[in-house]
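Q: Mind having a look at this structure? Questions to follow.
All of the numbers you see were taken from the coordinates with simple rules; none came from a lab. What you are looking at is a predicted structure, and each value in this text was computed from that prediction instead of being measured. With ideal geometry, Cβ positions are generated from the backbone for all residues, glycine too; neighbour counts draw on all protein chains shown.
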Amino acid sequence: MNTAEFDRMFAIEETHWWYRGRRELVRAALDRYAPTQRPLRLLDLACATGMSFRFLQDYGDIRGVDISEETIRLCAARGIDRIVRGDALKLPFGDTSFDVVLALDAFEHFEDDEAAMREVFRVLAPGGVLVATVPAFMALWSPHDVAYHHHRRYRRPQLRERLERAGFVTERMSYSSMTLSPAVWALRKLRGMSPRPDEEATSDFAVPMPWPLEKLAGVITAAETALEKHVDLPFGVSLYGVLRKPL
């Protein structure tokens, strides 16, 4: 990702409707599936700007790892210093070091995503859980994915198969942002129709959204997130999974 996208993420992720919905899903997953002992040992893989340190600190001790010096700088601006600069394909942690690993829109950034999955499996303690989110459906590929340096978008069978090959057992896997997916598809197709090779690709977050539409998106996402805590959705913009390392 370019520096402008990191700065944009840092500015909006505390209040943006999409990030709020993802945080609610993560907390619901931890409440239902995480080991019951507290405090938990948590690792945020490719932790970006460190928002997990704010919304999950009540669960336990959080560590972050990211390969980007820019993200570590932004984390420092939030007073977060428990970040290690490291490669997800060779994590700088011992075996069974964590009870929970968060991979929130992380695996799509790695050319060898299965190597990263195996590393996550290695550092998880037996009985520990992985909470993962990834972008869904290559039909939604757009300048947003280019700006974020994605290698792929996933379908549910593909993500499940790769994670299970790494050794995980699937607890649940669901698409998310289902209701808004037609609008997102239309926006991305429109953006992709007029490529500007002389300009750097930008994410969807760079596209201004009128306040009433942003408010409506927040209401829809909150309602869908409440539903998704109990029901798996058949399609959507993103894919959400909870996986366990067997005892």
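Q: Can you compute the modelled spin-label distance between Q37 and R85, with each label point 7 Å from Cα toward Cβ, in nm?
A: So the label points at Q37 and R85 sit 3.4 nm apart.
Q: If you don't mind, another one. Once amide H atoms are placed 1.01 Å from N in the peptide plane, what residues at a sequence separation of 5 or more from Y154, or on another chain, have their amide H within under 5 Å of its amide H?
A: Here the answer is A136, F137, since their amide H atoms fall under 5 Å of that of Y154.
Q: Under the definition of Cα pairs under 8 Å and six or more residues apart, what whole-number percent is the relative contact order of segment 109-247?
A: 47 percent
Q: Continuing with the same structure: Normalised by the empirical 2.2 N^0.38 Å for globular proteins, what value does the Cα Rg of segment 165-247 take?
A: That works out to 1.42 for segment 165-247.
Q: Hey, another quick one. For segment 90-96, just list the computed ³J(HN,Hα) in residue order, Karplus coefficients 6.51, -1.76 and 1.60, θ = phi - 60°, integers in Hz, with x standing in for Gly and Pro.
A: My calculation for segment 90-96 gives 8, 5, x, 9, x, 4, 6 Hz in order.
Q: Another one. With charges only on Cβ, +1 for K and R and -1 for D and E, what is the dipole size of segment 1-87 about its Cα centre, in debye, rounded to 20?
A: For segment 1-87, the charge dipole is close to 340 debye.
Q: So if I take the alpha carbon set of segment 25-100, get Rg, then get Rh from the Kirkwood formula, what is the Rg over Rh ratio?
A: Rg/Rh for segment 25-100 comes to 0.96.
Q: Dipole magnitude of the chain about its Cα centre, charges +1 at Lys/Arg Cβ and -1 at Asp/Glu Cβ only, in debye to the nearest 20?
A: 620 debye
Q: Follow-up. Just tell me which lysines come within less than 28 Å, Cα to Cα, of K215; anything on the same chain fewer than 8 places away is out.
A: The reachable lysines, counting only those whose Cα sits under 28 Å from K215, are K189, K229.
Q: Another question, if that's okay. With a cut-off of 8 Å between alpha carbons and a minimum separation of six or more residues, what is the relative contact order of the chain in percent? Present the calculation step by step, with values, prior to reporting the outcome.
A: Working: 431 pairs, mean separation 56.9, N = 247.
It rounds to 23 percent for the chain.
Q: Separate question: What is the P(r) of segment 35-180, as percent of Cα-Cα pairs per 5 Å bin from 0?
A: Once binned at 5 Å, the Cα pair distances of segment 35-180 give 2, 9, 18, 22, 21, 17, 9, 2, 0.
Q: Further question: Which value does Rg/Rh take for the chain over its C-alpha atoms, Rh per Kirkwood?
A: For the chain, the value is 0.94.
Q: Also, I was wondering about something else. What does the C-alpha gyration tensor say about the overall shape of segment 107-228? Classify as rounded when a/c is under 1.5, otherwise prolate if a/b is larger than b/c, or oblate.
A: Since a/c reaches 1.5 but b/c is at least a/b, the shape of segment 107-228 is classed as oblate.
Q: Would you work out which of W211, L89, G241 lies farthest towards the positive end of the dipole of the chain, given +1 charges on the beta-carbon of Lys and Arg and -1 on that of Asp and Glu, about the Cα centre?
A: G241
Q: Moving on. Take peptides 78-88, 96-106 and line them up by average Cβ neighbours within 10 Å, highest first, as a rough protection proxy.
A: 96-106, 78-88
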